[in-house]
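First up is the structure itself, then whatever we jot down about it.
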């Protein structure tokens, strides 16, 4: 049975006493203290009731979560680490409809013709033949009555004979050919133009907005305190995992607040959220608005995930963001882990029976965001019908456009349907429509997504991110003010240049994408969050401040409840990288400034080493970056699309994990 917050075991909780232990040290001009230590006692008042004792330090608190959209209470077994379901047998897993034999015949002809024309085979006609035979074999087994017809159609397509029906039809060679192919082991590969001149730029006001940016919370409600945190097979901090070098003895017991090979326990997420207003100096003023660039769900194996687990994670975390960051709207996006199956999103142009197979997720997210007062009903309806993507026209002249970037993510299998296309889903057409409307209205735009479009090019597909790059070029710098991503868990950035980066220079730098570090420590990273100071007229970033918690110190917090984790001020972007750049104190940290930073890095690689340190949020586990690594990092900073990174940059240095 759920436990009451007010009494546990018949003893009233003294909530105030635990909070008295909060520690704040020093101050930073215009912000809060330089560090803030949250209380060690779990804040039980956050939730009304619990399935277990939330004051225990040996187990992850398990709050009773009721979904305001579905009006159901999520069961204890869903997040109980002792009862993790191994198979999601209670939810639908849709499959495509059965094709008719006639459709199979047409598909076979199309595929074989495509194989014949595909330059990937070069002059290797044997490989082409083997690949075509694999297609023919499938048809001969699935629809043998169409085997002779395939032989006839291929004869006609390749002009093998004057009378193909007579030569290869059912009453001649068609029958034996179909039998041979069926039983043989064939093997083998078995817009509007850009304004010229550009409209005059919006003028800076000198007023600074404060904007919070968080990403990749990755709550693990199944986190098991005391389990193996240094396991050999991912994901650690779970029951039954072990280190192969010490299978019978735990090498590193999972601390209450998290570990480097584990996703974020609830206690760490609350520690981060409680630290935000204190450290950013917004306890009284709040934020003008906030960004959340996706990923809520833990990195479970696919067989341990489900729709219900996804909905639970969305519900509890957006509830916490509403509770703890209750000032201004939070503009949120869907991450690759915020769906089920993980990373899978299907375009609407599949067969009608499969068109809406992910609407359960888009509907739920849109409803949560609307219930929290972050978007209105019209925008929520847009999100429901645009893969959870939406556009908000703010009254101050800024337009927020969010994207479902799973449609350029390599792990989304649906992206491999018509891979030659750049926008099967229509997501980028949605973006261009909104950007054109913003240009017509004289608005500035922030684009929000999850999966980054460039950096080292290992995450996104070439074609859609190449098209995205051209769109950014078309609408920058007069419309697009900033782009924000998450996904990698690391502190990174990419610069976009005119003409597809054919001339990489300060004069051609157009836009930047800020890639937000994560709250989760996974993998080998510290936990962090960020605040931007933004001009209220131009909506350019004037400075960026980042804070982190040292995950390596979490084990020292065990065995006591007086102190929890400490979040520390890590760096100011302007101060860290701008020392050798002639730039006014109120000039924006725009693409030109960032290109000059990369030039400073080329002249002084210690700046690259500093960037490398901050990339992992000052983690003790981040490897050094010298030699070719330094060259690669500068190149990644100048790569806004996958294809540019692949064309220009050394590989293998993108991550510090």
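Observations on the structure shown:
- Considering residues of the range 642-657 that are in contact with a helix residue (DSSP H, G or I) (Cβ under 8 Å, 6 or more places away or on another chain) and crowded, with 19+ Cβ neighbours inside 10 Å only, the residue nearest to residue 616 (Cα to Cα): 656
- Hits in the range 385-397 - residues which are over 19 Å from residue 474 (Cβ atoms) and outside any loop (DSSP other than H, G, I, E, B): 385, 392, 393
- The set of residues in the range 80-112 being over 26 Å from residue 134 (Cα atoms) and either assigned to a helix (DSSP H, G or I) or in contact with a strand residue (DSSP E or B) (Cβ under 9 Å, 6 or more places away or on another chain) (or both) consists of 81, 82, 83.
To keep it simple, each residue is scored yes or no on (1) modelled with pLDDT under 95; (2) in contact with a helix residue (DSSP H, G or I) (Cβ under 6 Å, 6 or more places away or on another chain); (3) buried (at least 20 other Cβ atoms within 10 Å of the Cβ); (4) not assigned by TED's automatic domain parsing to the domain that holds residue 438.
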site: 359; (1), (2), (3), (4): no, no, no, no
site: 363; (1), (2), (3), (4): no, yes, no, no
site: 368; (1), (2), (3), (4): no, yes, yes, no
site: 376; (1), (2), (3), (4): no, no, no, no
site: 381; (1), (2), (3), (4): no, no, no, no
site: 394; (1), (2), (3), (4): no, no, no, no
site: 400; (1), (2), (3), (4): no, no, yes, no
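- Filter result (farther than 20 Å from residue 361 by Cβ and in contact with a helix residue (DSSP H, G or I) (Cβ under 7 Å, 6 or more places away or on another chain)) within the range 69-86: 77, 83, 84, 86
- Summed over the range 592-606, the residues that are touching a strand residue (DSSP E or B) at 6+ places or on another chain (Cβ under 6 Å) and over 11 Å from residue 637 (Cβ atoms) give a count of 1.
- Exactly one residue among 254, 271, 264 is over 30 Å from residue 483 (Cβ atoms), out of contact with any helix residue (DSSP H, G or I) (no Cβ under 6 Å at 6 or more places or on another chain) and either surrounded by 24 or more Cβ atoms within 10 Å (Cβ to Cβ) or not assigned by TED's automatic domain parsing to the domain that holds residue 445 (or both), and that residue is 254.
- Single residue of 612, 526 found to be surrounded by 20 or more Cβ atoms within 10 Å (Cβ to Cβ), within 30 Å of residue 220 (Cα to Cα) and touching a strand residue (DSSP E or B) at 6+ places or on another chain (Cβ under 6 Å): 526
- The set of residues from the range 402-425 being under 19 Å from the mean Cα position of the chain (by Cα), in a loop (DSSP other than H, G, I, E, B) and surrounded by fewer than 22 Cβ atoms within 10 Å (Cβ to Cβ) comprises 410, 411, 423.
- Condition met for residue 576 (touching a helix residue (DSSP H, G or I) at 6+ places or on another chain (Cβ under 8 Å), assigned to a helix (DSSP H, G or I) and within 28 Å of residue 32 (Cα to Cα)): yes
- Checked against (1) within 17 Å of residue 62 (Cα to Cα); (2) surrounded by 21 or more Cβ atoms within 10 Å (Cβ to Cβ), residue 226 passes all but condition (2).
- Candidates 458, 488, filtered to the one that is within 24 Å of residue 218 (Cα to Cα) and either surrounded by 24 or more Cβ atoms within 10 Å (Cβ to Cβ) or outside the structural domain of residue 614 (by TED's automatic domain parsing) (or both): 488
- Just one of the listed residues (655, 622) is at pLDDT 95 or above, in a loop (DSSP other than H, G, I, E, B) and under 26 Å from residue 579 (Cβ atoms), and it is 622.
- Condition met for residue 551 (surrounded by 20 or more Cβ atoms within 10 Å (Cβ to Cβ), within 30 Å of the chain's Cα centre (by Cα) and farther than 26 Å from residue 478 by Cα): yes
The values are calculated or read from the model by the stated rules, or taken from the named source; none is laboratory data. Predicted model, so just to flag it, every value in this text is computed and none were measured. So basically every Cβ, Gly included, is an ideal-geometry build from the backbone, and we count neighbours across all protein chains shown.
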